[in-house]
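For reference, the structure discussed in these notes is given below.
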C-alpha cells in the first residue's frame, strides 16, 4: 500500500466521524454525548475540509498502481464530491439545509440507536442520552437561525417527528427508572427543558414563511445522479423505468390469468381487486389480536429463510451476526413507509447487528400478509440488506466501510426478491407470492419517474405508460396519483413514500437502477463463464464476489469482477 494512504484513511475517517450521529451509526465511541451542530458555519467549514481531502485523493492516485488502492481513492473522491455538492447546491436561491428542518432526525436518530442498539453498559448510554436531551434547547435555537423559507412539506414532516420525540424520551426515562440509574432526576429535568424547547420550536416553525417549490433543475439533477455513482443519463433512466413497468405489467397479466383460474376468481376481476382478494385469503391473523404479533411472524420467516439458504448453500452467511426486528418508532414513521433496515455499525467490534423497522398500523395490515412477509424479510434481512451490509462492515478498507452505495444495496435486494422465488423458496405459493411481489416491486419503476420529476420539475418524467392523471399543479398530488395507480398503496404509505423521495434525492431511483445493473452484471458473468461454470455454482461465485467486495456503486463493482477475471474488462 502507498505509505501516504494510511494517514489519508485516518483523516478521511476523522472527517466522516465529525458528526455525533455519524459516530453512533458507524459504531465510533466519540462525541456520543453531543447533538449535531446545525449551523451553516459548521457546514461551510466541512466543505473546506472536504475540498482539501479531495485534492489529496488526486495526488495519491498518481502515485499508485495497486488496483484496490486506486479503487478506494476513486470511491473516496466520489464521496467527498457528493459531500461538497450536497452542502452547496441551491434551489429557490438557498441551500437545502436552509430549507430543511431536521430536528426530528438530528435529535431522535442517535438517541434511539443508543437506546436500542448499543452494547455499552446502560449507565454509560444513559449518561450520553441525558447529555443529548440536555442539549436540545441550544440545538433548536441554532436550527431556527439556519432556516429560511423552508419547504412546506418538510416543515410538516419535522413537526410530525418532533411529536414522536416525546414518546422516545419517555421510554428512555422508564428504562432509566427500571435500571435504578443514579441520574434519573437529571434526566427528568433535561426532558422537561427539552419538551418546553420543542414546544417553542414547533410554534415558531409553524409561523415561518414556507415554499412549495422543491425542484432543483435539470443540471443539478444530473450532477446528483452522477454523484450517486450512476453513469446513466436522466433520459436513459426514464427509459429503463418505462420498459420495466411494461414488463412488470405483462408478468402481472399472465399471473392474473393463472391465479384467477386456480382460485376460481372471475376473470374480469381487475389486477388491483385480485391483489385485495389475495390479501384477504392470505391475511396474517394476529394470534393475540395485537399488531405486535406481526413482529414474531417476521422472526418465524427469518428462521425459515435461514434454513432454506443453508439447505441449498446459496450464500456465505457468517456466524457472528444478528438482527433485531422492531416496530418503527413514532418519530421515524413519517419517512418509513412499511419497512427499513439500519445496518450494523461498521467500526464496532463484535456481533454485526442490524435493526429492521416495521411500520405497523391497521391501515397497513395488507402490507404484512403471508405472501408479502417473505419478500420483506428477504429484502431487509438475509440474504438482503442485513447480509450484504453486515458482510461489507467486515471489509478491511476503511473507505469502503464508509461508502453508501444505494444502487448496489437496493439492486442486490430487489434482485433477490425474484431470485429466491426462482429457487422455489415459496413452493406451491410461488405464483401467488410472485404476483404480490410484482405488484409491490412496481413501486421501483414509479420511484424513478417521481425522483426525476421531483428533482427536475419536468412533468414528462411522470409519463411512464401508466393511465393516470398527473396534471395537478401540486407536485406531491401528481406524484401520488402515479404511485397509487402503479402500486395500489394505501394513502398513508403513499404519503410516507413521497416524504422521503422529496428529501433523499437520487435515492428512490437507485432501486430500479441497481436492479437493472445487478441483473446486467449477472448476465455478463453468465455469458463470460459459458462452458466453464453454470447454474448454482455460478450463482455462488456471483454472490460471494458481490458480498466480499464491500460497499461501492455498481459501476465500480463491475471493475472488481473484471479484475478477478470473471467478466470482460
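What follows draws every value from the coordinates through simple rules; no lab data is involved. For clarity, every value in this text was computed on a predicted model and none was experimentally measured. Ideal geometry is used to build each Cβ from the backbone, glycine not excepted, and the neighbour counts take in all protein chains shown.
Report the label-to-label distance for residue 431 and residue 44 in nanometres (one decimal), using points 7 Å from each Cα along the Cα→Cβ vector.
It is 6.5 nm.
What's the ranking of 239-250, 436-447, 548-559, 76-87 by average number of surrounding C-beta atoms within 10 Å, highest first?
436-447, 548-559, 76-87, 239-250
Kirkwood Rh over alpha-carbon pairs of segment 337-485, then Stokes-Einstein at 10 °C and 1.306 mPa s: what D in µm² s⁻¹, rounded to an integer?
91
Taking 41 Å as R0, compute the FRET efficiency from the Cβ-Cβ separation of residue 545 and residue 268 and round it to 0.05.
0.30
If we count other beta carbons within 10 Å of each Cβ, what is the order of 56, 283, 228, 396, fewest first?
Least crowded to most crowded, the residues run 396, 283, 56, 228.
Roughly how many whole Å is it from the C-alpha centroid of segment 232-292 to that of segment 414-450?
About 9 Å separates the Cα centre of segment 232-292 from the one of segment 414-450.
Determine, from the Cβ-Cβ distance of residue 185 and residue 289 and an R0 of 30 Å, the FRET efficiency 1/(1 + (r/R0)^6), rounded to the nearest 0.05.
Using R0 = 30 Å, I get an efficiency of 0.15.
Restricting to DSSP H runs of at least four residues, report the calculated mean residue ellipticity at 222 nm for the chain, -39500 (n - 2.57) per run over all residues, nearest 500 deg cm²/dmol.
-20500 deg cm²/dmol, from helical runs alone.
Modelled label-to-label distance, residue 233 and residue 89, 7 Å Cα→beta-carbon offset: nm?
Placing both labels 7 Å beyond Cα along the Cβ direction yields 1.8 nm.
For 347, 169, 476, what ranking results if the residue with the fewest other Cβ atoms within 10 Å of its Cβ goes first?
Ordered from fewest to most neighbouring Cβ atoms within 10 Å, 347, 169, 476 come out as 347, 476, 169.
Quick one: 402, 312, fewest Cβ neighbours within 10 Å first, how do they rank?
Ranking 402, 312 by Cβ neighbours within 10 Å, fewest first, gives 312, 402.
For the pair residue 564 and residue 4, how long in nm is the line joining their label points, each one 7 Å along Cα→Cβ?
Reported label-point gap for residue 564 and residue 4 is 3.1 nm.
Could you list log10 I(q)/I(0) for segment 460-508 at q = 0.16, 0.21, 0.27, 0.30 Å⁻¹, which the Debye formula gives when each Cα is one point scatterer?
Result of the Debye calculation: -0.42, -0.74, -1.15, -1.28.
Taking Rh as the Kirkwood radius computed over C-alpha pairs, what is the Stokes-Einstein D of the chain at 10 °C in a medium of viscosity 1.306 mPa s, expressed in µm² per second?
64
Which three numbers, in whole Å and largest first, are the semi-axes of the equivalent ellipsoid of segment 5-207 derived from its Cα gyration tensor as √(5λ)?
Equivalent-ellipsoid dimensions as semi-axes: 34, 24, 12 Å.
Just to be sure I understand: of the beta bridges DSSP finds with both ends in the chain, what percent are antiparallel, rounded to 5?
For the chain, the DSSP antiparallel bridge percentage is about 45.
Calculated FRET efficiency, residue 349 and residue 63, Cβ-Cβ r, R0 51 Å, to nearest 0.05?
0.95
Please give the Cα centre distance for segment 144-164 versus segment 65-99, rounded to the nearest Å.
Cα centres, segment 144-164 to segment 65-99: 25 Å.
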